[in-house]
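Data first, discussion second: the structure below is written as structure tokens.
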Amino acid sequence: MNAKRDPLFDLSGQVALITGGASGLGFQMAETMAEHGASVVLLDADGPGLEVVVASLARAGAAVEGHRVDVTEADAVRSAIDRAAAMHGRLDIVFANAGINAGPGIVRPEGQLDAVDFDQWHKVMAINLTGAMLTLQAAARHMKARRRGRIILTSSIAGLQAQAQLGYAYAASKAGVAAITRLAALELAPFNVMVNAIAPGPFMTNISGGRLKQPEIAEMLGRIVPIGRVAQPNEVRGLALLLASPACSFITGTVIPIDGGIMAG
Ligand code: NAD
């Protein structure tokens, strides 16, 4: 972790906070931030999972802490972010990444309009959209005051284009994430705070109970990806680093697909 760093991607001395950091894409974001010099703060609802990844990052030499926080709980999100900023005296990078998939897509009768389950709808909205909004709001307060910062939200290609495999609630929540990314980018541009979103295609994480890791599911989804396969979690690192780094000084308001070419078609 001590190799000489390119200043464009050097995060030495910075503080990065990641929601959903205990697994999948969030863990990759955290590890990349640490490898490029940042102290990392992980927030996740999964306490035991958090302990495991905090211990593994610390063993690799990272300055890391983890806090059990459910992103749907407004006071908990605000106080965890305020505490991180106060303890470190700064907050440079925030990933609003925690999210869940839930419910089948329209390819199955249970995923079609007549069958939409509104308990599930509200749950997905609360985590994916309200949770991202609360994280964005709390992060922006600190960054505006210091007139610098990077906020990266995790949307999905399902928020940008109809994906028949994914449910209504998921699509709507991720389209919402893309919308708040653009609005916040405009509001925060005068404060030198860059706000962008990543829009992943299929990645083999633990989402949907790890479904994408099953070989037959991965193969089926791989067929809709121009590159011909689903992604490994670590393939998010380059884009995450770019959007968090000094290299992102003139990039704001974008929602960038990382999808093996799906959105090109
Ligand atoms: P994952 O399940 O591996 O990780 C998600 C993490 O979020 C977990 O650690 C989980 O405990 C945490 N989390 C869930 N609900 C939470 C809550 N209420 N409060 C705090 N933490 C909570 O899944 P992932 O694929 O790494 O998902 C990360 C993000 O990427 C999500 O927003 C997801 O919608 C998005 N995404 C994933 C894919 C994909 O194919 N994996 C595609 C597009 C978008």
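The values are calculated or read from the model by the stated rules, or taken from the named source; none is laboratory data. None of these values were measured; they are calculated from a predicted model. Using ideal geometry, Cβ is built from the backbone for each residue, glycine included, and neighbour counts are taken over all protein chains shown.
What do you reckon, is residue 252 buried (at least 19 other Cβ atoms within 10 Å of the Cβ), polar (S, T, N, Q) and closer than 30 Å to residue 119 by Cα? Before you say what the answer is, go through the steps one by one.
Numbers: buried (at least 19 other Cβ atoms within 10 Å of the Cβ): yes; polar (S, T, N, Q): yes; closer than 30 Å to residue 119 by Cα: no.
No; evaluated as a whole, the condition is false for this residue.
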**OP:** Within region 59-68, identify whether any single residue is closer than 24 Å to residue 130 by Cβ, away from the ligand (no atom under 14 Å from the Cβ) and buried (at least 23 other Cβ atoms within 10 Å of the Cβ), and answer yes or no.
**Re:** no
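Take the residues in region 1-28 that are of a type in the set (A, V, I, L, M) and farther than 12 Å from residue 98 by Cα, then tell me which one is farthest from the ligand (Cβ to nearest atom). Don't jump to the end; show me each part of the working.
Step one: of region 1-28, the residues of a type in the set (A, V, I, L, M) are 1, 3, 8, 11, 15-18, 22, 25.
So of that shortlist, the ones also farther than 12 Å from residue 98 by Cα come out as 1, 3, 8, 11, 15-16.
On the way: 1: 23, 3: 27, 8: 25, 11: 21, 15: 19, 16: 16 Å.
So the residue we want is 3.
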Subject >> helices (runs of 4 or more DSSP H) lying entirely in region 159-265 (those with 3 or more residues that are charged (D, E, K, R) and either at pLDDT 95 or above or away from the ligand (no atom under 12 Å from the Cβ) (or both)) >> reply: 168-188
Original post:
Looking at (1) away from the ligand (no atom under 16 Å from the Cβ); (2) free of Cβ contacts under 8 Å to residues at least 24 places away in the same chain, which is the only condition residue 47 fails?
Top reply: (1)
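Any idea which of 54, 41, 71, 77 is part of a strand (DSSP E or B), within 16 Å of the ligand (Cβ to nearest atom) and hydrophobic (A, V, I, L, M, F, W, C)? Full working, then the answer.
Numbers: 54 fails: part of a strand (DSSP E or B); 71 fails: part of a strand (DSSP E or B); 77 fails: part of a strand (DSSP E or B).
Just one listed residue meets the conditions, 41.
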Subject >> Residue under evaluation residue 201, criteria (1) within 30 Å of residue 226 (Cα to Cα); (2) free of Cβ contacts under 8 Å to residues at least 60 places away in the same chain, criterion not met >> reply: (2)
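Could you tell me whether region 97-110 includes any residue that is touching a helix residue (DSSP H, G or I) at 6+ places or on another chain (Cβ under 7 Å), within 15 Å of residue 151 (Cα to Cα) and either surrounded by 17 or more Cβ atoms within 10 Å (Cβ to Cβ) or modelled with pLDDT under 95 (or both)?
Here is the first cut: in region 97-110, the residues touching a helix residue (DSSP H, G or I) at 6+ places or on another chain (Cβ under 7 Å) are 97-105, 109.
Filter once more, so that each one left must be within 15 Å of residue 151 (Cα to Cα): 97-98.
Filter again for either surrounded by 17 or more Cβ atoms within 10 Å (Cβ to Cβ) or modelled with pLDDT under 95 (or both), leaving 97-98.
Within region 97-110, one or more residues are touching a helix residue (DSSP H, G or I) at 6+ places or on another chain (Cβ under 7 Å), within 15 Å of residue 151 (Cα to Cα) and either surrounded by 17 or more Cβ atoms within 10 Å (Cβ to Cβ) or modelled with pLDDT under 95 (or both).
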**OP:** Among the numbered conditions (1) polar (S, T, N, Q); (2) surrounded by 14 or more Cβ atoms within 10 Å (Cβ to Cβ); (3) over 16 Å from the mean Cα position of the chain (by Cα), tell me where residue 12 comes up short.
**Re:** (2)
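Test of understanding: among 114, 119, which residue is more than 16 Å from the ligand (Cβ to nearest atom) and either surrounded by fewer than 16 Cβ atoms within 10 Å (Cβ to Cβ) or closer than 24 Å to residue 68 by Cα (or both)? Before the answer, list the steps.
On the way: 119 fails: more than 16 Å from the ligand (Cβ to nearest atom).
None of the other options fit; the residue is 114.
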